[in-house]
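See structure below.
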Amino acid sequence: FVFTMATVEELKLRVRELENELIKCKQKQYHVTFMLLMSKCELVYFLTLICMNFVLQMFVQKIRTFTVAVVGVGGVGSVTAEMLTRCGIGKLLLFDYDKVELANMNRLFFQPHQAGLSKVEAAEHTLRNINPDVSFETHNYNITTMENFTHFMDRISHGGLEEGKPVDLVLSCVDNFEARMAINTACNELGQIWMESGVSENAVSGHIQLIIPGETACFACAPPLVVAANIDEKTLKREGVCAASLPTTMGVVAGLLVQNVLKYLLKFGTVSYYLGYNAMQDFFPTMAMKANPQCNDRYCRRQQEEYKKQEAERPKVKVVEVEEEVVHEDNEWGIELVSEVTDAELQAASGSVPDLPEGITVAYTIPAKVSVVYSVKDIYSNV
Ligand SMILES: *[C@@H]1O[C@H](CO)[C@@H](O)[C@H](O)[C@H]1NC(C)=O
Ligand SMILES: *[C@@H]1O[C@H](CO)[C@@H](O)[C@H](O)[C@H]1NC(C)=O
Ligand SMILES: [Zn+2]
């Protein structure tokens, strides 16, 4: 089929009409009768919309059950919080001691009229306007002081959407070593999974890292890589010394961070353990690091013992990874998205596939003949 009979605009209008009709009828049987009334062209377009809506709806339904704590509401943290707010996260806990400064207006999110306000206060105001459905809890303090650290631990272990439950994820968007160490200590003690993010002081590289206490390297486990990159950051906060910052690098790192958060929470794709970003070469190194049995943090070592015990107790069944299916499991329409091009299909596809370096594949090839986008499997089976 081809979209020659009607323009896309006309089709969109028709789909809107059809959607309105559909809302009126609740019974499945009617759905099918209704679909039979459509032309094939309309049907496919309609199914595309429904399928997209299903995916989106499921994500929206699911994401609102989660709570995320964002520690540090600066160049990366504020953008991270905004993305999560726009995605419809259930609850956000924001921690920052700092105030909005006019000097930081080269970054995203905050506005000049907010200068002088505490970052958490200004952020909450903006974010509430963007999405009033999100719950906010803000703390305007330095988490590294003894008193506040205790309070911080209490909130990440009890500040979930349902009060008393822990948060689902802690995100470190801080710009100094002490604060990272404080988050690391708290999460190791609580066994709280968290993600770390950072932008170098020359503003042209950054990274994100997933830390599962006891399983992957914590911030104290892996001095060579992560710590080395942040040693200079102590000096970064000196009075009058201004580190370079770019809204681009911070935006990229925030985007990578939230992408990883969504993949982790909503269970799709591959969650990165470590993903670097080098802006100069557009190089994105990835890797995974195991926890260090000689880690200085005793809670890290204790979590490693726990993890070992759990692993030993786990039945030795090979885990079969099912990724693609998850999205469609509640799909009452029986609509199935055709999976992405496999390597075999790629080889079989017509048209020449260029010789590419390892790790790079083409996004798509031109198939021999245009095939239907959806297999409308079992669509009549439950009538
Ligand atoms: C936060 O508290 C720690 C510990 O008391 C202190 O060393 C650090 O300077 C404080 N940071 C700020 C920005 O006040
Ligand atoms: C945070 O620390 C400051 C000074 O150390 C203290 O005055 C304040 O009450 C603390 N806030 C909380 C919530 O513990
Ligand atoms: Zn460790």
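Structural remarks
- Subtracting the Cα-Cα distance of ILE23 and THR145 from 0.36 nm times their residue separation leaves 38.4 nm of extension gain.
- Other residues with beta-carbon under 11 Å from the beta-carbon of LEU161 carry, at +1 per Lys or Arg and -1 per Asp or Glu, a net charge of -1.
- Difference of contour (0.36 nm per residue) and Cα-Cα distance, ASN129 to LEU266: 46.8 nm
- Segment 65-313 - Rg (one decimal) and Dmax (whole number), Cα, Å: 17.1, 57
- The label point for VAL44 and the one for PHE136, both projected 7 Å from the Cα toward the Cβ, are 4.6 nm apart.
- Solvent-accessible surface ranking, highest first, for ASP297, ASP168 at 1.4 angstrom: ASP168, ASP297
- Label reach from GLU313 (point 7 Å along Cα→C-beta): in segment 199-217, amide nitrogens under 20 Å belong to 212-216.
- Computed 3J(HN,Hα) for segment 112-120, one whole-Hz value per residue from the Karplus formula 6.51 cos²θ - 1.76 cosθ + 1.60 where θ = phi - 60°, is x, 5, 8, 3, x, 6, 5, 4, 5, glycine and proline marked x.
- Here ASP282 and ASN176 are evaluated by their C-beta separation; at R0 = 35 Å the FRET efficiency comes out at 0.80.
- A 1.4 Å probe over all protein chains sorts TYR141, TYR97 by accessible area into TYR97, TYR141, starting with the largest.
- Residue-level accessible surface for GLU163, protein heavy atoms, 1.4 Å, Å²: 120
- Portion, in percent, of the accessible area of segment 65-313 that falls on carbon or sulfur, probe 1.4 Å: 54
- Modelled this way, with points 7 Å down the Cα-to-C-beta line, the labels at ALA115 and THR65 are 4.6 nm from one another.
- Other-chain or far-sequence residues with amide H under 5 Å of LEU161's (modelled H): THR67
- Summed side-chain charge close to MET250 - residues other than MET250 whose Cβ falls under 13 Å, Lys, Arg +1, Asp, Glu -1: -2
- Backbone amide hydrogens, once placed in the peptide plane, bring TYR277 within less than 5 Å of GLY206, HIS207, excluding anything fewer than 5 places away on its chain.
The values are calculated or read from the model by the stated rules, or taken from the named source; none is laboratory data. A quick note: this is a predicted structure, and the numbers were derived from the prediction, not measured. Counting neighbours? That spans all protein chains shown, and the Cβs are built from the backbone with ideal geometry, glycine included. In case anyone asks, the SASA skips ligands and DNA or RNA and just uses the protein heavy atoms, side chains included. Shrake-Rupley method; radii C 1.70, N 1.55, O 1.52, S 1.80 Å.
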